[in-house]
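All remarks here apply to the structure that follows.
Every number here is computed from the coordinates shown, using simple stated rules; none is lab data. This is a predicted model, so every value here is computed, not measured. Cβ coordinates were reconstructed from backbone atoms using ideal geometry, including for glycine residues, and neighbour counts include every protein chain displayed.
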Amino acid sequence: MIEDLRALASETGMAVVSLEGVVPTALAIRLVPEWLARRHLIAPVAVEGRLLTYATYRRFDAEVDTDVAYTAGRRTSAVLATHAEILTAIDRCYPERRSYMPPDIAATPDAHGRRRVLVTDDEPTSRMLVRRLLEREGFEVSEAVSGADGVARAMAILPNVVLMDLNMPGIDGYEAIRRLRRQPALAALAILVLTAEEGHDVERRVMALGADDYAAKPFHPGDLIARVRGALHRTAVLAA
């Protein structure tokens with residue numbers, strides 16, 4: 001098996017990695033949900049900014065890569081690992097195995113009507129820029145000016161995605177995420193943190209609180225749209 005993998009690597013130019021001891025971050029696992037990993041037999045490896053790396057035991061498949069990129073809202077890089085290592089890694093990443101597989105459909109925000117976004121940020125200029133960007137792409141956008149306002153607005157309008165700043169007066173973004181995740185009515189809500197704070201500690205903290213994705217300011221408009229659409233796609237497939 002190893003020799004076959006090395007031959008495939010030589011043929012395709014893909015790197016061979018060992019998944020033993022590799023512990024993907026919570027963000028990597030969230031961006032490659034269980035249904036996607038088991039459908040394509042791939043395992044998340046790492047997320048570095050705009051790039052998601054995943055492992056496969058097959059030669060590069062453009063259709064699989066497109067599915068992963070769309071779901072994650074990231075550029076992607078595929079590496080090779082053995083079939084046995086990938087199966088072990090999948091079981092390790094998703095210990096509570098789901099008893100279902102989602103329908104084999106292209107679940108898109110338009111098809112499911114999940115296009116309502118709540119932008120929560122205390123900076124008016126930031127809210128305006130994000131709102132204009134999202135509205136240009138056809139999203140229905142509402143605004144909240146603080147963490148407390150964001151929680152109240154989310155309960156009132158039941159958005160599909162919340163873009164959450166962290167540094168806000170009063171109830172900050174961390175506490176707002178915690179409160180949103182306590183609401184049964186918002187169980188399907190995707191929370192995307194959009195903040196000037198950077199670093200793995202920030203990422204780990206917001207993911208532990210229940211955020212679905214993390215992006216640092218300043219952001220590239222195309223990256224933000226891809227991440228919002230990816231969040232919508234992941235929640236749409238799970239709700240299908």
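Kindly indicate whether V202 is buried (at least 18 other Cβ atoms within 10 Å of the Cβ) and not in a loop (DSSP other than H, G, I, E, B). Even if it seems obvious, please write down each step before you answer.
Working: buried (at least 18 other Cβ atoms within 10 Å of the Cβ): no; not in a loop (DSSP other than H, G, I, E, B): yes.
Against the criterion (buried (at least 18 other Cβ atoms within 10 Å of the Cβ) and not in a loop (DSSP other than H, G, I, E, B)), V202 does not qualify.
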| task | Give E20, E48, E63 a once-over and let me know the one that is surrounded by fewer than 18 Cβ atoms within 10 Å (Cβ to Cβ) and in contact (Cβ under 8 Å) with a residue 24 or more places away in the chain. | result | E20
| remark: By residue number, the members of the range 211-223 that are surrounded by fewer than 21 Cβ atoms within 10 Å (Cβ to Cβ) and either part of a helix (DSSP H, G or I) or among the aromatic types (F, W, Y) (or both) are F219, P221, G222, D223
| query | In the range 147-178, what residues are among the charged types (D, E, K, R) and part of a helix (DSSP H, G or I)? | reply | D149, R153, E175, R178
| message | Against the condition farther than 28 Å from P24 by Cβ and not in a loop (DSSP other than H, G, I, E, B), how does L192 come out, does it pass? | response | no
| remark: Out of (1) assigned to a loop (DSSP other than H, G, I, E, B); (2) without any contact (Cβ under 8 Å) to a residue 12 or more places away in the chain, the one G138 does not meet is (2)
